[in-house]
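Following: one structure in structure tokens, then a few remarks.
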Amino acid sequence: MNRILLIPSIALLLLFIIGYALSGGHIATPANSADRPIVFANADEVKTLDVGKMSWANDIRTAMGLWEGLVAYHPETLEILPGVAEKWEITPDGKTYTFHLRSSARWSNGDPVGARNFLFAWKRVLTPSTGADYINLFYPIAGAEAYSAALGGPHPETADFSTVGIHSPDDHTLIVQLAQPCTYFLDLCAFPPYYPLHEAAMQPFLLDRADPSKGYDARWTRPPHLITNGAFFLKDWQFKRELVLQPSPFYWDRAHVKATSLIVKAYEDPRTALLAYQEGRVDAMSFVPQQFGEELLAQQNSHKRNDIHFRPVFGTYYYILNCTRPPLTDKRVRKALALAIDKEQIVTHILRMGQKTVTQLVPPDSIPGYASPAGLSMDVEEARRLLADAGYPDGKGFPTLDLLYNNESIHLQVAQAIGQMWKNNLHIEISYHGLERGSFGTDRRTANFTIARGGWYGDYTDPTTWLDLFKTGDGNNDGRFSSPAYDALLEKAAAEPNPQKRFALLHDAERLLVEDEFPAIPLYQYSDGYIFDPDKVDNLNLNVRLLTQFKWLCRK
């Protein structure tokens, strides 16, 4: 009985503390000693530290603290900085990159980092059995796509890695030959799939020593087995709780790593995370909790607090339509669903944090020189006409659509609002299917859904970071959309050397998606941010892509 009475008491205390903090009150926090670990809170656990397989933001953020690529991002501007490569040359035709690796680059066990480590890691990503979501990021390299296709084909023995445009005349030089000029190739080289791997440390975890293509036991990513080459190494990992990162004594730029230790914690309950922050047990949060966001932003705007850092970012929230499941195989049905949604109602009454509705997939005005197509606004009459043309006048005979979402945040509320709009405007029924994040991700990747919540943050500053999601066979094409006309536009753009003409082709490709085919329904541009006190934590920059560079993080 006492335990039963204690539960509501604790809940009331939690609500009181958060309410007091939201009203502008302050809670005593521990001394901001420079020697204390910096505690960084994520909204979910790290899924994997296999850089060849990762695609979730929390994983990528953590990997950027543990590894370093040939190049790195500036923490604020995201301009390209030297990493393992101290310098590089690019030929005038933009097709050949020669990287010169610094002799001082070291793994966390003291071994030198060499070109062979990049060759091993890149070859592994191109091996289909690895299951890399970002395998397509290597396709600008000459011969990479053909090599991967041969490995996954009926005669994998014919695949020859020497035909791929990656060569190493010595262990401090890496030469990359591209099929066509790729203006964002250095951007790709700073991203986790392009990071090197310590092959010798992974060998004990081969599933089949006679056939390395069968992969590795995931224990190679756990301490003390994980060997990395970045500013930090992984000291401890308590699964679904926290990771402990400590500065690598062998990192070539150790002098600029000021944090004595970094703890990356997972909080599934935003209220618990916010309470931990207010009590000083967390120094920074990688998210602004949706249920408190409106009030927190109001406090920030009225100058009652200075720790809410929030802005429009390089991401889009959308719904994915499974193009292999009737009736969504008919683009008239997909288009009707898109035109029957009042997006303003969602951002105004559910989100309430200043998000902007979009009719495009690429966030408008986010890429210099690229103009997204206009897209289509809400038009219920046209939606009804399209549905009738598809054989479902006034919704008659239309099957119940299942809507898949993950249980966190406001996804259920958004799903229910859209489901009600479809019922009111098209007279069709919707069922709702909420899953925890891991199961949701599995179902989405395997196309085990009819309609699913989607969201994407751009991985590099080019429209193809979104447009490739809908390319036939792409690892992130969860809705299994396939259009020869769309693929042809992407292929033509890839071969176009003129930047303006290339962007015009990509504009046409995006227009096909958002004005005709509708494999996805764009809803709004993400606004996102962090919570941290700038008087206590330094160099935590809110760049447009939310690519936190742990290397520079420190206490004031």
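Bear in mind that the values in this text are calculations on the coordinates, not laboratory data. Here the structure is a predicted model, which means the values were calculated and not measured. Ideal geometry is used to build each Cβ from the backbone, glycine not excepted, and the neighbour counts take in all protein chains shown.
I'd like to compare 159-172, 74-87: which one has the highest average count of other Cβ atoms within 10 Å, and what's the full order after that?
Working: 159-172: 15.1, 74-87: 17.1.
Final packing ranking: 74-87, 159-172.
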Using Cα-Cα distances under 8 Å and only pairs 6 or more residues apart, what relative contact order does the range 311-528 have, in percent?
37
How much FRET efficiency would the formula 1/(1 + (r/R0)^6) give for Gln203 and Lys258, where r is the Cβ-Cβ distance and R0 is 45 Å, rounded to 0.05?
0.85
Rg in Å to one decimal, and Dmax rounded to a whole Å, for the range 57-211 via C-alpha atoms
15.5, 47
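With the cut-off at 27 Å, tell me which of the pairs Lys95/Lys214; Lys265/Lys536; Lys87/Lys258 have Cα atoms farther apart than that. Each step should come with its number before you reach the end.
On the way: Lys95/Lys214 33 Å; Lys265/Lys536 19 Å; Lys87/Lys258 25 Å.
Beyond 27 Å: Lys95/Lys214.
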Please give the contour-minus-distance gain from Arg36 to Arg281: 0.36 nm per residue of separation, less the Cα-Cα distance, rounded to one decimal in nm.
87.1 nm
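In the chain, what % of DSSP beta bridges are antiparallel (nearest 5)?
Values: 52 of 67 bridges.
So the antiparallel bridges amount to about 80 percent of the total.
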Projected onto the charge dipole of the range 311-528 (unit charges on the beta-carbon of Lys, Arg, Asp and Glu, signs +1, +1, -1, -1), the Cα from Trp466, Val347, His427 with the largest positive-side position is that of His427
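Of the peptides 493-506, 145-158, how do they stack up when ordered by the mean number of other Cβ atoms within 10 Å, highest first? If you can, show how the numbers build up before the last one.
Values: 493-506: 16.1, 145-158: 14.2.
Descending packing order for the listed peptides: 493-506, 145-158.
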Globularity ratio of the chain, using Cα Rg and 2.2 N^0.38 Å:
1.00
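Report, in deg cm²/dmol and to the nearest 500, the calculated mean residue ellipticity at 222 nm for the chain, where each DSSP H run with n ≥ 4 adds -39500 (n - 2.57) and the sum is divided by the residue count. Working shown, then result.
On the way: 16 runs with 157 residues, N = 556.
Calculated at 222 nm, the ellipticity per residue is -8000 deg cm²/dmol.
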The chain: relative contact order in percent, alpha carbon pairs under 8 Å with at least 6 residues between:
19
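Ratio of alpha-carbon Rg to the 2.2 N^0.38 Å globular estimate for the range 311-528, to two decimals, please.
Working: Rg = 16.6 Å, N = 218, 2.2 N^0.38 = 17.0 Å.
Normalised Cα radius of gyration, the range 311-528: 0.98.
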For the range 311-528, how many pairs of lysine residues have a Cα-Cα distance under 16 Å, where the two are 8 or more positions apart or belong to different chains?
7
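Return a whole-number percent for the relative contact order of the range 73-180, with Cα pairs under 8 Å and 6 or more residues apart as the contact set.
Values: 148 pairs, mean separation 29.9, N = 108.
Over the range 73-180, the number comes to 28 percent.
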